[in-house]
1. Quick check on region 148-166: of everything there that is open to solvent by less than 30 Å² (accessible area, probe 1.4 Å) and assigned to a strand (DSSP E or B), which residue is farthest from G89 (Cα to Cα)?
2. Let me spell it out: the conditions are (1) open to solvent by 30 Å² or more (accessible area, probe 1.4 Å); (2) over 22 Å from G174 (Cβ atoms); (3) in contact with a Leu (Cβ under 6 Å, 6 or more places away or on another chain); (4) aliphatic (A, V, I, L, M), and A40 meets all of them except one. Which number is the exception?
3. Taking into account only those residues within region 65-110 that are in contact with a strand residue (DSSP E or B) (Cβ under 8 Å, 6 or more places away or on another chain) and basic (K, R), which is nearest to R141 (Cα to Cα)?
4. I want to confirm something. Restricting to region 228-265 and keeping residues that are assigned to a loop (DSSP other than H, G, I, E, B) and within 29 Å of the chain's Cα centre (by Cα), which single residue is surrounded by the fewest Cβ atoms within 10 Å (Cβ to Cβ)?
5. Give region 583-603 a look and list any residue that's open to solvent by less than 20 Å² (accessible area, probe 1.4 Å) and in contact with a Ser or Thr (Cβ under 8 Å, 6 or more places away or on another chain), or say none.
6. Within region 501-510, identify whether any single residue is open to solvent by 10 Å² or more (accessible area, probe 1.4 Å), closer than 27 Å to H385 by Cβ and at pLDDT 95 or above, and answer yes or no.
7. Please state which one of D55, D124, D136 is farther than 20 Å from W276 by Cβ, exposed (fewer than 14 other Cβ atoms within 10 Å of the Cβ) and among the acidic types (D, E).
8. Within region 394-423, track down each residue that is within 20 Å of the chain's Cα centre (by Cα) and open to solvent by 10 Å² or more (accessible area, probe 1.4 Å).
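The values are calculated or read from the model by the stated rules, or taken from the named source; none is laboratory data. The structure displayed is predicted, hence computed values, not measured ones. Reconstructed Cβ throughout: ideal geometry from the backbone, glycine too, with neighbour counts over all protein chains shown. For accessibility, only protein heavy atoms count, side chains too; no ligands or nucleic acids. Shrake-Rupley method; radii C 1.70, N 1.55, O 1.52, S 1.80 Å.
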Amino acid sequence: MPTTPGFSSGAERPRQPGGVSLSSPVLSAHQVCAGHAQRAELAVSDAGLFWLEADPDRGGNVIRHLGDDGLKTLLTGKTGIGSRINGYGGGSFAVLGDRVIAVTDRQQLIAVSLSSSQPALVLDEPEASWGGLVADGFRNRILAVRETGGRQQLVAIEGDGRPQVLHEGEDFYGAPALSADGQKVAWISWQLPDMPWLRTRLWTGELDPTGQLQNLHCLSAPAEGSIQQPVFDGKDLWVLSDHDGWWQPWRLDQQGGEISWQSSSASRLDHANAPWQLGERHHCPLLGGGWARVRYREGAGELWVRAGNNADEVRMAEGFTDFRSLAHWRGRLYCVARSPDRLDAIVEVNPDNGEVRIRAGCEQPFPGHSAICPDAFTVPAPDSHGLPVQGFLYTPEPDIHEPPPLILMAHGGPTSAAYPVYNPQIQFWCQRGFAVAEVNYRGSSGFGRRFRQALAGRWGEIDVADMSAAADYLASRGLADGQRTFIQGRSSGGYTALMALIGSDRFVAGASLFGVTDPMRLRAMTHRFESGYLDWLLGSPDLHPERWQARTPLRHAARIRAPLIFFQGGQDRVVVPDQTRAMVRAMKAAGGAPELHWFEDEGHGFRQRQNQASMLEWLHSFYRRHSQKANDQPDHLS
């Protein structure tokens, strides 16, 4: 396979010019949405490389297989693949010999033949959801996490499709890890009301010849912390834990009956992000005692590799800014890599010399159109006790007369992050003369435990303060027009946007994309995974009722003076549709004129290309109407 020029270790990909030629055709909303491909959950086996790839035409994911006979799609019918465990999935398939065991979007377990691509039903439990699938090739079975009846279990799916419970009693389970000889197993668990980035426990055990657990141990971190991603390197067990302030690699050393935590020489940076999904892999053992690890520095991912036990750590694949699903196969490192100006790539890295080969993806989204790449910025802390806030600014072609209008975007989560990776919707805005800033407000992941924990009890307060500070910072440096600044967010980011508009004229208008408007009602209706999350974000409503009232947008609808536009899916099970309906009714009752755009067939996050494009068209019309002096190019919407 050819080596892509400019992607070798030490060579940075050239930053594209900061603007789009006005003589180039502006891409329509439909073109922008159609030109996107997302890839995730890479797995390797003797049969080759496998990954999930989004197929917007069917509104779900397919499994792609790259083997000796080339690239093909498994399961070409209408069945989509995707775990829904905990509402966010992860670990949707595992490769077992000559077949792939996968979770369908209906939460059935199927086996897909690698030779014929034909599926066969393995298990169908109507009330169950599955995730964290791992192959146990020594016993011809799959290990997985099952949720049913309001509880989770670690189970083994035998070759005949029979589920066998290995462990139960914990509220939640992470994806299991198996040692190379199949004799040891490890996993993470956590209990309500905690989320997995707050406090977890590590379980280790052995599997007897019949596959039953024995010699089980349960460990907490040496100090309060979140443990994630256990992985075996021979007999050694490694985890990522943030009990020392950052998600860093730690080796568990067992001498007799005692287990001790051995630190590594890793930098004091997060080596993972918040584990919303099962089965994520940000570190991977290599041959000869080597390692590959992801580090997050100022919001961007870096890939660091140590080729052997005595080798130096070297940064590799510097042209990419995020890395997921690290895996080792035949002396090479493989992963899903992302960058600001290309689609998701499946890359192969030679640990010995840093050579990077593109195995799939990495397409230029729109030939003839240079993507706008972001500039990182940091808003200084207001005082010695504060924390600086980081973000990414995407700028359109500069206007010599005036700075551009700004769309300030609040990411969802809120315990998540904005990354400098390709986003077709941001390109849409920049082509139309808008600057876009994504802000990693306090509470975001990737900046250490203290930064992440700062949001506890202060949601709707410090995230709002950080968004406003970012807008002021960019305006004060002439990078954006402070009088034409919009705020937009999806899900929890929609909540942040709404809170920022209450009693304030800082933003000229705002947009809520399936955003939270009534935390108390959401608390009563949300799914089990996040059932304790709101109490962490706002404090107990019994102990802090005034805080909940002050930070409920629905109660303050009359205090929002800026124009607002709402988007909502009728099938949303995370932020239920009535959250948006009630807010729109309250604003209208107070004399406001909010816009509501309803998509009955969408859930939490719009998947269909037509609906994505329609949302962009309505947003563009709204922002142009309220920005007045925005770049007056032709619409080119459809």
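1. In this case the residue turns out to be L166.
2. It is condition (2) that A40 fails.
3. The residue in question is R99.
4. So the residue we want is S265.
5. If the condition is that a residue be open to solvent by less than 20 Å² (accessible area, probe 1.4 Å) and in contact with a Ser or Thr (Cβ under 8 Å, 6 or more places away or on another chain), then M583 is the only one that fits.
6. Yes, region 501-510 contains at least one residue that is open to solvent by 10 Å² or more (accessible area, probe 1.4 Å), closer than 27 Å to H385 by Cβ and at pLDDT 95 or above.
7. Every option except D124 fails the conditions.
8. M409, H411, G412, G413, S416, A417, Y419, V421, Y422, N423
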